[in-house]
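The values are calculated or read from the model by the stated rules, or taken from the named source; none is laboratory data. This structure is a prediction, so every number in the text was calculated from the model and none was measured. When we count neighbours, we look across all protein chains shown, and the Cβ atoms used for this are built from the backbone with ideal geometry, even at glycine. Keep in mind that these areas ignore ligands, DNA and RNA; they rest on the heavy atoms of the full protein, side chains included. Shrake-Rupley method; radii C 1.70, N 1.55, O 1.52, S 1.80 Å.
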Amino acid sequence: MKEIYLDNSATTMAYPEVGELVRKVMCEDYGNPSSMHRKGVEAERYIKEAKETLARLWKVQEKEIFFTSGGTESDNLALVGAARANKRAGNHLITTAIEHPAIINTMRYLEEEGFQVTYLPVDRYGRVRLDALQEALCPETILVSIMCVNNEVGSVQPIQEAAGIVKAYNKNILFHVDAVQGFGKYRIYPKKLKVDMCSISGHKIHGPKGIGALYIDEHVKIRPILFGGEQQKNIRSGTENVPGIAGLGLAARMIYQDLDAKVEKMRELKQHFIQGVQEIPDTAIHGLYDETSAPHIISVGFAGIRSEVLLHALEDKGIYVSSGSACASNHPQISGVLKGIGAGQEFLDATLRFSMSEFTTRQEIDETLQTLYNIVPMLRRYTRR
């Protein structure tokens, strides 16, 4: 049975070239980058090349890039490290109500440490309310974190406008962006956006799992959350994951090649899918689906069918999708994002996320639509019994 993979917001298939490079670094150029001999120098070269790539794509300095184990660690380091380092300046943090668990749960942890957190509301399309941001700022505010692209409904946040509001209020307030779903779909220039810290992850851009990066502006005061051998200027200790770093660098370089054409293809497929799925009665598209939304994420509610049931029915046909954030999939619960945008009660436990990549084809979209046309009415009849 042919597989149709539409869960690219959870993880992506690595570029074959990335897989080959990771194998080479693991099995041939396997030195420790802290070693002073030739094998160590070879390993260090991969780190330098990856930094050069990210610095060029972000238009930042190489010394402002730090490698982590993924988006979650990057978010934790940015929030916990910056909050603790700047506590004397204030104890108030701001984020949105629809952030990824890596942000929400870290903010809850910081609340236990004594910080006060404001969770901003969003509109029905999943965009942060800038008026609420303006009202939330206060003399005690030291950090604001707003994601670039929502991982469930694909809403794109007005990062530049939000950062402008924050910096106009107090230029010393730090602004962090979780760009895990936006990197590789948009050109992100932190300094132009007035962003102080920015998190990304390798496995969302056809790179390896277990590797991520965090941009930290050179003027940001931050404390480490891991302690050890003082690698990466003592900001993130631990022997560097050289195979992962090399793979991340190559994946980042490759995904930005012909980016406009890749994004346009995904947008066309997204519109085609939405037009087709809307022919099914009692469905709802969550969030915006025009060019102001992410090109690769579609959130669809199917009233009358539990998301888990429909997910496994599609899986039986070789079609792989998600019921929400993959990071929370082992603990099914009502989506805070769907609640945040005011989705109808009938869709809170009846929504699936379809997410594409540059490798998705129109034929795969058509086959998925045809499968939905067949199984949704059948499942609804079964449910009503």
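Take GLU73 and decide whether it is open to solvent by 40 Å² or more (accessible area, probe 1.4 Å), more than 15 Å from PHE183 (Cβ to Cβ) and not in a loop (DSSP other than H, G, I, E, B). Considered against the rule, which asks whether it is open to solvent by 40 Å² or more (accessible area, probe 1.4 Å), more than 15 Å from PHE183 (Cβ to Cβ) and not in a loop (DSSP other than H, G, I, E, B), GLU73 comes out as no. The residue of the stretch 231-243 that is least open to solvent (accessible area, probe 1.4 Å), among those that are out of contact with any strand residue (DSSP E or B) (no Cβ under 9 Å at 6 or more places or on another chain) and farther than 19 Å from ASP217 by Cα, is VAL242.
The set of residues in the stretch 345-369 being out of contact with any helix residue (DSSP H, G or I) (no Cβ under 9 Å at 6 or more places or on another chain) and open to solvent by 20 Å² or more (accessible area, probe 1.4 Å) consists of GLN345, GLU346, PHE359, GLN363, GLU367. Taken over the stretch 12-27, the criterion of being assigned to a loop (DSSP other than H, G, I, E, B) and open to solvent by less than 30 Å² (accessible area, probe 1.4 Å) is satisfied by THR12, TYR15. Looking across the stretch 155-214, not a single residue is at positive phi and among the aliphatic types (A, V, I, L, M).
Every residue, every condition in (1) farther than 30 Å from VAL153 by Cα; (2) in contact with a strand residue (DSSP E or B) (Cβ under 6 Å, 6 or more places away or on another chain); (3) at pLDDT below 95, yes or no:
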| position | (1), (2), (3) |
| --- | --- |
| ARG45 | yes, no, no |
| ARG56 | no, no, no |
| PHE67 | no, yes, no |
| GLY71 | no, yes, no |
| GLY90 | yes, yes, no |
| GLU111 | no, yes, no |
| ARG124 | no, no, yes |
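Within the stretch 92-111, the set of residues being open to solvent by less than 40 Å² (accessible area, probe 1.4 Å) and either under 14 Å from ARG127 (Cα atoms) or not in a helix (DSSP H, G or I) (or both) comprises HIS92, LEU93, ILE94, THR95, THR96, ILE98, GLU99, HIS100. Do you know which of the residues in the stretch 165-207 that are touching a Leu at 6+ places or on another chain (Cβ under 9 Å) and of a type in the set (Gly, Ala, Ser) is surrounded by the fewest Cβ atoms within 10 Å (Cβ to Cβ)? Step by step, filter the stretch 165-207, then rank; the result is GLY184.
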